[in-house]
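Peer 1: Sharing a structure here in structure tokens format.
The values are calculated or read from the model by the stated rules, or taken from the named source; none is laboratory data. Just so we're clear, the structure is a prediction, and the values are computed from it rather than from any experiment. Every residue, glycine among them, receives a Cβ derived from its backbone with ideal geometry; neighbour counts consider all protein chains shown.
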Amino acid sequence: MDRTTSLPQTVFDPAALADDPYAVYARLRRAGPVHRITGTDGLPAWLVTRYDDIRQALADPRLSVDKRNAAPGGYRGMALPPALDANLLNMDPPDHTRVRRLVNRAFTPRRIEQLREPVRRTAERLLDAVAAAGRVDLIASYAAPLPITVICDLLGVAPADRLDFRSWTDALVAPDPARPSLAREAVGHLVSFFTGLIAAKRSDPADDLLSALIAVRDEEDRLTEDELTSLAFLVLFAGYENTVHLIGNAVLTLLRHPDQLAELRAEPTRTGAVVEELARYDGPVPLAIRRFPTEDLTIGGVTVPAGETVLLSLAAAHRDPDRFPDPDRFDIDRDATGHLALGHGIHYCLGAPLARMETEIALTALLDRFPELALDVPPGELRWRPSMRSRGLLTLPVRTGPERRSV
């Protein structure tokens, strides 16, 4: 079977992504499990749209994330220097197994749990400024600064250096077509920064994740220098980029479903479980990292030749009615176990526990503080980031209303 479609303007066009991407994915999912499309790089790719196929593909060792397994001339992705590119998202076993095991020794549950109280304090401090303003862009004032503060604390990045990170990561994820040099400049800044930071931590280590990673690299000599800088970049990039949109999308979803929000306010201890449904309903990652079959592979009854680009649509999987009944309905009572927003298989998100904790604390603090929180613009006026790589709001204007009175 060969299901071929030519829908680059529909699948990856910023207007379609900003309007209702889930309607686009639904049409593709109904039309077939796998589609031949034209990617944003102008080259052909295979888009997989159904939950069972995607979950199986995420765990299939024959689907490589190593770009060296792409067919010659068949992939033109973001070009990063080795100091940023030698990260887990581009590695297969045995390198992936080696590096992941070493990172796990530094990225411990204990280290993450130690952040719980600092995350809560940071959230409350940011909300003090939000309360004083009354009307704010919640992305700029809360959803973005919270994870960047947390991930920089984790890595050991000084407060004075943190504002630059947001502009650099934004330039990579949603490059400005009119100013292509910004992405190249951001790459240069990131390489220079992490090279300098690692040198400083090596000479004066502290109780932070980057110092722990350096110790792993230097004591056992099992991480290359490029792997070390790439890991620091990945922790920063994924820890900030995905969490800011998970929080922002979650707040918007709740505000647009006031009956569900009222139920959650009545039982705030359920927030942790509700985060799973929020991640399923409108998660921050529409597509998993591209993959390349190491041999001719059958997915959903379609034969995909070795080396060709495979795109796994997590957004389509999360609205698959065969896995999630009535999937377009947000339901805080739903058991969203099995969603793929944080991955599956060996590439399951290293920072998943941290992302969950941050989002739970962010929502709990926000909803407790402002019982009358409301959108400050009609939903149709909200602007989404024009990116196939991330699903996130550019701004989220809100009115806080009066603060909760203590009793």
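Peer 1: For the list (1) outside any helix (DSSP H, G or I); (2) touching a residue at least 12 places away in the same chain (Cβ under 8 Å), I need the number of the one condition that ASP326 fails.
Peer 2: It fails just one condition, (2).
Residues are listed down the side, and each one gets a yes or a no for (1) among the basic types (Lys, Arg); (2) modelled with pLDDT of 90 or more; (3) surrounded by 14 or more Cβ atoms within 10 Å (Cβ to Cβ):
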site: PRO61; (1), (2), (3): no, yes, no
site: GLY73; (1), (2), (3): no, no, no
site: ARG105; (1), (2), (3): yes, no, no
site: THR108; (1), (2), (3): no, no, no
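Peer 1: Among the candidates ARG30, ARG98, which residue alone is out of contact with any Phe, Trp or Tyr (no Cβ under 8 Å at 6 or more places or on another chain), over 28 Å from ALA352 (Cβ atoms) and part of a helix (DSSP H, G or I)?
Peer 2: After ruling out the rest, the residue left standing is ARG30.
For every residue, the table says whether it meets (1) at pLDDT below 85; (2) crowded, with 22+ Cβ neighbours inside 10 Å; (3) in contact with a helix residue (DSSP H, G or I) (Cβ under 9 Å, 6 or more places away or on another chain).
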| residue | (1), (2), (3) |
| --- | --- |
| ALA132 | no, no, no |
| VAL136 | no, no, yes |
| ALA140 | no, no, no |
| ALA143 | no, yes, yes |
| PRO147 | no, yes, yes |
| VAL150 | no, yes, yes |
| ASP153 | no, no, yes |
| ALA158 | yes, no, yes |
| ARG166 | yes, no, yes |
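Peer 1: Which residues, taken from segment 33-69, are part of a helix (DSSP H, G or I), of a type outside the set (Asp, Glu) and within 23 Å of the chain's Cα centre (by Cα)?
Peer 2: TYR51, ILE54, ARG55, GLN56, ALA57, LEU58, LYS67 - these are the residues of segment 33-69 that are part of a helix (DSSP H, G or I), of a type outside the set (Asp, Glu) and within 23 Å of the chain's Cα centre (by Cα).
Peer 1: For LEU89, all conditions in the list (1) under 22 Å from VAL187 (Cβ atoms); (2) among the hydrophobic types (A, V, I, L, M, F, W, C); (3) modelled with pLDDT under 80 hold save one; what is the number of the exception?
Peer 2: In the conditions (1) under 22 Å from VAL187 (Cβ atoms); (2) among the hydrophobic types (A, V, I, L, M, F, W, C); (3) modelled with pLDDT under 80, LEU89 misses (3) alone.
Peer 1: Give LEU213, LEU278, LEU228, LEU255 a once-over and let me know the one that is closer than 29 Å to SER167 by Cα and either in contact with a Lys or Arg (Cβ under 6 Å, 6 or more places away or on another chain) or polar (S, T, N, Q) (or both).
Peer 2: Unique residue meeting the criteria: LEU228.
Peer 1: A follow-up question, please. Among the listed residues THR294, THR309, which satisfies the condition of being crowded, with 18+ Cβ neighbours inside 10 Å, touching a strand residue (DSSP E or B) at 6+ places or on another chain (Cβ under 6 Å) and not hydrophobic (A, V, I, L, M, F, W, C)?
Peer 2: On the way: THR294 fails: crowded, with 18+ Cβ neighbours inside 10 Å.
It is THR309.
Peer 1: If you scan segment 214-243, which residues turn out to be among the acidic types (Asp, Glu), modelled with pLDDT of 90 or more and surrounded by 20 or more Cβ atoms within 10 Å (Cβ to Cβ)?
Peer 2: The answer is GLU227, and nothing else.
Peer 1: Conditions: (1) surrounded by 17 or more Cβ atoms within 10 Å (Cβ to Cβ); (2) more than 21 Å from CYS349 (Cβ to Cβ); (3) free of Cβ contacts under 8 Å to residues at least 60 places away in the same chain. THR269 meets all but one. Number of the miss?
Peer 2: All conditions are met except number (1).
Peer 1: Can I ask one more? Which of the residues that make up segment 340-383 are of a type in the set (Gly, Ala, Ser) and in a helix (DSSP H, G or I)?
Peer 2: Passing the criteria: GLY345, ALA352, ALA355, ALA362, ALA365, GLY380.
Peer 1: Being surrounded by fewer than 21 Cβ atoms within 10 Å (Cβ to Cβ), under 18 Å from the mean Cα position of the chain (by Cα) and outside any loop (DSSP other than H, G, I, E, B): is that true of PRO386 here?
Peer 2: No.
Peer 1: State the number of residues belonging to segment 53-87 that are farther than 23 Å from HIS344 by Cα and in contact with a Lys or Arg (Cβ under 8 Å, 6 or more places away or on another chain).
Peer 2: Selection size over segment 53-87: 1.
Peer 1: Please find, among ILE247, ILE214, the residue that is without any contact (Cβ under 8 Å) to a residue 40 or more places away in the chain and farther than 18 Å from HIS96 by Cβ.
Peer 2: That would be ILE214, the only listed residue that is without any contact (Cβ under 8 Å) to a residue 40 or more places away in the chain and farther than 18 Å from HIS96 by Cβ.
Peer 1: Which of the helices (runs of 4 or more DSSP H) contained wholly in segment 202-298 include at least 1 residues that are farther than 20 Å from ASP92 by Cα and among the hydroxyl-bearing types (Ser, Thr, Tyr)?
Peer 2: Because the criterion is at least 1 residues that are farther than 20 Å from ASP92 by Cα and among the hydroxyl-bearing types (Ser, Thr, Tyr), the helices (runs of 4 or more DSSP H) in segment 202-298 that meet it are 209-220, 225-255, 271-281.
Peer 1: Return the only residue of LEU126, LEU88 being surrounded by 13 or more Cβ atoms within 10 Å (Cβ to Cβ) and in contact (Cβ under 8 Å) with a residue 40 or more places away in the chain.
Peer 2: LEU88
Peer 1: Just to be sure I understand the filter: pairs with C-beta atoms under 8 Å, separated by 6 or more residues or on different chains, first member in segment 282-294 and touching a residue at least 40 places away in the same chain (Cβ under 8 Å) and farther than 13 Å from TRP384 by Cα, second member outside any strand (DSSP E or B) and among the aromatic types (Phe, Trp, Tyr). Which pairs pass?
Peer 2: From segment 282-294, the pairs are ARG290/TYR75; PHE292/TYR75.
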